Every structure is written in C-alpha cells, then in structure tokens.
1. Given the criteria open to solvent by less than 20 Å² (accessible area, probe 1.4 Å), more than 20 Å from residue 420 (Cβ to Cβ) and either at pLDDT below 90 or not aromatic (Phe, Trp, Tyr) (or both), does residue 348 qualify?
2. So which of 215, 210, 220 ends up being of a type in the set (Gly, Ala, Ser) and within 25 Å of residue 357 (Cβ to Cβ)?
3. Please specify each residue of the stretch 178-215 satisfying the condition of being over 32 Å from the mean Cα position of the chain (by Cα), closer than 22 Å to residue 376 by Cβ and of a type in the set (Gly, Ala, Ser).
4. Would you check if residue 180 is touching a helix residue (DSSP H, G or I) at 6+ places or on another chain (Cβ under 9 Å), open to solvent by less than 60 Å² (accessible area, probe 1.4 Å) and acidic (Asp, Glu)?
5. Looking at the stretch 214-225, I want the residues that are in contact (Cβ under 8 Å) with a residue 60 or more places away in the chain and have a partner that is among the polar types (S, T, N, Q) with Cβ atoms under 9 Å, at least 6 apart or on another chain. Which pairs are those?
6. Search the stretch 267-281 for residues being over 17 Å from residue 223 (Cα atoms) and assigned to a helix (DSSP H, G or I), and hand back the single one that is farthest from the chain's Cα centre (by Cα).
7. Could you say whether any residue in the stretch 193-210 is at pLDDT 85 or above, hydroxyl-bearing (Ser, Thr, Tyr) and loosely packed, with under 14 Cβ neighbours inside 10 Å?
8. From the list 410, 400, which residue is in contact (Cβ under 8 Å) with a residue 60 or more places away in the chain and surrounded by fewer than 15 Cβ atoms within 10 Å (Cβ to Cβ)?
Amino acid sequence: MSDQESSTSASQTEGEVEDELEEEGSKDEKLSHTAAPSLSEFSSTLRAVIRIKQKYQVLKKRRIEMNQALGGAEFLTGAPARTSPKIFTFDGAAPLSAVPQKKKKRRKRRVLFPNRARHRASPKQEHSRAKYCLYLLFFIVFLQVYNAIENLDDHVLKYDLDGLEKTLRREVFGQQGAVEGLLSHLKDYLSTYVHNKPLVVSLHGASGVGKSHLGRLLAGHFRSVVGEPLVLQYYVLHHCPQEADALHCARNLSTLISQVVKRAEEEEKIPLFIFDEVEHMHEEILDTLWQLVATKQSNEYLNAIYLFLSNLGQEHITKHMLHNSSTSMTMTGSSRHSNLIKELTPILRNNMEKLHPLWTEATILPLGLLEKDHVMECFLEEMTREGFYPDHTNIERLAGEIEYYHTVGGHKYSKTGCKQVVAKVNLL
C-alpha cells in the first residue's frame with residue numbers, strides 16, 4: 001500500500017472516529033438527560049460539570065482506541081508513524097508541594113474594636129531610642145534659653161536701672177509720665193548688647209521743667225556704671241557758640257563720637273551722648289548727628305544712646321495743657337501725664353520732622369508744665385541741700401513769688417518752672 005493511500009485511509013478513519021465521538025457525545029447527553037431526574041437535587045452548574053467529565057472520558061477512550069488502531073496499521077504496512085497530538089491530563093501533574101511558591105508578605109495585625117465595646121489594651125510595642133535624643137535636644141535648648149535670659153538680667157543689672165529709677169523719681173518733680181517712658185526705653189534697649197539701631201530719645205518742654213536737671217542725673221548715673229570716658233555731655237552754646245565754626249564743630253563732634261563708640265565696643269559697654277540746648281544747634285551739627293543715627297554704620301555705632309534736650313515745641317505743650325486742664329481735673333497725676341504724652345507726641349512729631357529729618361529717628365517725650373506744688377518741692381529739695389531749715393511757711397512764701405499762669409481747672413502752672421528756685425534760695 002502506498003503512502004498516499006495510507007494517508008487517505010487514516011483521514012477517513014479519523015473522520016469516522018470523529019463521527020462516532022459525536023454520536024457518542026449525543027448518546028451521553030441523552031444518558032445525562034435520562035439521569036437528570038436522579039440528580040435533580042444538584043444545581044445546574046454541578047450537572048454541567050458532570051456532563052463535561054463524562055464527555056471527556058468517552059473522548060479519551062475513543063482516541064486511545066483510534067491511536068492503537070492507527071499504530072497497528074502503520075506497523076503492518078510500513079508507513080511512518082503518526083504522532084498524535086498531546087492531550088493535557090491531570091495524571092502526570094506534579095504535586096503542589098513540589099512547585100515553588102512565593103512567600104506571601106505577612107500583614108501586621110490590627111486590633112479592631114467594636115463601636116460599643118470597651119477598648120482592649122494594644123500589644124506593647126518597643127520604644128524607639130530616638131526619643132531619648134529628642135529629650136536631650138529639648139534639655140539643651142532649655143539650658144540655652146535660660147542662660148540667655150540670665151545674661152539679659154545680668155546686662156540690665158550692670159547698668160543699675162533700679163537705682164536710676166529711684167533717683168529720677170526722687171529728684172525729678174512733676175514729670176512722672178516722661179520718667180516712666182524714658183526708663184521703659186532704657187530697659188528695653190539695655191537688656192541686650194546687640195542692636196540694629198541706636199536709641200535716640202528727644203525730651204521737649206518749656207524752660208524750667210527739669211530737662212537739664214534730668215540730663216545731669218542721667219550723666220552722673222552712667223558715669224558711675226560705665227565710666228567717665230563713655231559719657232559725653234555736649235552744650236551747644238558752650239562748645240560751639242559761633243555759627244561760623246559750625247562745620248568745624250561738626251567734624252570735631254563726629255571724631256569725638258567715633259572715639260567714644262570704639263572704646264565702648266572694646267569694653268563691651270553702651271555709651272551715652274547728651275545734647276542740651278538743641279534749639280541752638282546749627283544745621284551742620286544736626287546733619288552730622290542724623291548721619292550717625294540714621295545710616296547703616298558699623299556695629300559700634302549701633303550700640304549707643306543719644307539724648308536730645310530742647311524747648312522746641314514748648315508753645316504746643318503750654319497751649320495743650322492750659323486748654324485741657326479742666327478735662328483732666330479728675331485724673332490722677334500719673335494718668336494725667338500719660339494722657340499728656342499720648343496726645344502731644346503726634347503733634348510734636350509733625351512739627352519736629354518739618355524742622356529737620358533727625359527727629360524722624362527719635363522717640364519724642366514731652367515734659368509738662370509744673371504746678372505750684374511741684375515748685376514747692378523744688379524749694380524744699382534745694383533748701384535741704386544748702387543746709388537751710390525746711391520751714392513750710394518760708395517755702396510757701398518763696399513759691400508765691402514765682403510767676404504763674406491764670407488758674408485753669410483748679411491747676412496753677414508756673415511760667416518759669418523751677419528755674420528761679422536756686423537764685424532765690426541763694427538770697428536767703
């Protein structure tokens with residue numbers, strides 16, 4: 001038998017087998033339908049699985065018989081063996097234990113609590129050692145802050161501001177508001193040694209209200225705490241009386257201030273510059289001082305205190321106090337002076353900034369008029385200092401010789417303040 005004939009016969013045989021398989025499958029389906037009443041308790045899915053399994057077993061059996069028949073015919077006729085297609089079965093499958101499986105990551109267990117049940121204690125976890133480092137860092141920061149606060153207190157104590165406050169309250173009469181404001185600025189500025197600008201304070205008031213006396217007290221106190229070379233008192237009418245010498249005086253003043261601030265920087269102290277009679281100061285000197293306090297200088301120029309004393313704006317202060325005495329009659333002394341500073345400061349600032357830009361850098365503090373009681377306190381202080389017996393009748397007589405404004409709102413203000421007190425005591 002030739003190869004062509006064997007192939008045709010094999011194809012015919014396969015066709016017959018397929019027909020038989022189809023017939024067998026239809027028979028199996030009929031059998032399954034006949035057996036269906038016995039399996040009625042199962043679901044439709046289970047019945048479909050059973051039919052597929054039965055069909056698969058029949059097809060498998062038929063194919064084995066067909067392969068055996070085709071193999072025997074080829075062996076007899078000498079035809080090349082036909083390789084049958086491989087059919088997947090579960091017979092030779094490797095056990096599941098032999099197949100390497102990936103390890104599943106183990107999820108952390110979470111404790112879930114019911115909404116209305118009591119919470120159970122979570123399992124104890126190990127604490128990280130990093131928290132001890134954090135505690136150590138907090139402790140170090142606390143020590144640094146505490147040390148900085150202690151240093152600030154030590155810096156303030158070095159200038160003895162408590163002693164200065166007692167001195168000013170005891171020897172400056174009728175200016176409680178200005179004294180409190182000045183001490184507040186000094187405490188804030190002297191609490192540290194590093195600043196971004198110098199402290200500039202300008203005191204304004206009429207003649208005899210205690211401006212020069214306040215400047216002398218400040219100069220004496222700072223000489224005792226920082227030393228004589230770091231305190232400069234500049235009287236314009238004494239150091240530079242002639243206007244023709246204004247440019248030369250300005251250069252000398254700039255050189256003198258540079259020497260003082262450099263020495264203060266070496267000693268780590270803050271110097272004090274007091275300028276009295278500023279109303280007579282020439283334009284060239286004002287420009288030099290403005291450059292020193294306004295421009296960005298080196299560090300030693302920033303650590304300095306400038307105090308300006310003048311009677312500029314005294315007409316505004318006098319007018320305001322005389323017109324508002326009746327409204328402030330019910331106020332105490334401290335509240336009346338505080339109210340005076342709040343109301344007069346913007347008025348004085350507007351007028352002073354028009355005169356020269358130096359006052360744009362200054363803190364303005366007005367000094368009010370002195371009443372008759374303040375003048376009597378000045379007489380008592382001066383007579384005690386000169387060794388006279390402080391007779392109240394004599395003091396009241398001397399105070400009555402001073403010229404006053406008309407009584408307004410129960411207040412009797414002196415026109416010259418305490419300026420004539422020293423001269424009258426010397427006549428005793």
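1. yes
2. Only one candidate passes the filter, namely 215.
3. 205, 206, 207, 208, 210, 212
4. For residue 180, the condition - touching a helix residue (DSSP H, G or I) at 6+ places or on another chain (Cβ under 9 Å), open to solvent by less than 60 Å² (accessible area, probe 1.4 Å) and acidic (Asp, Glu) - is not met.
5. Every condition considered, the pairs that remain are 214/175; 215/233; 221/167.
6. Within the stretch 267-281, the match that is farthest from the chain's Cα centre (by Cα) is 280.
7. The answer is yes; a qualifying residue exists.
8. Numbers: 400 fails: in contact (Cβ under 8 Å) with a residue 60 or more places away in the chain.
Within the list 410, 400, the selection yields 410.
The values are calculated or read from the model by the stated rules, or taken from the named source; none is laboratory data. None of these values were measured; they are calculated from a predicted model. Every residue, glycine as well, gets a Cβ built from its backbone with ideal geometry; the counts of neighbours run over all protein chains shown. All accessible areas refer to the heavy atoms of the entire protein, side chains included, with ligands and DNA or RNA removed. Shrake-Rupley method; radii C 1.70, N 1.55, O 1.52, S 1.80 Å.
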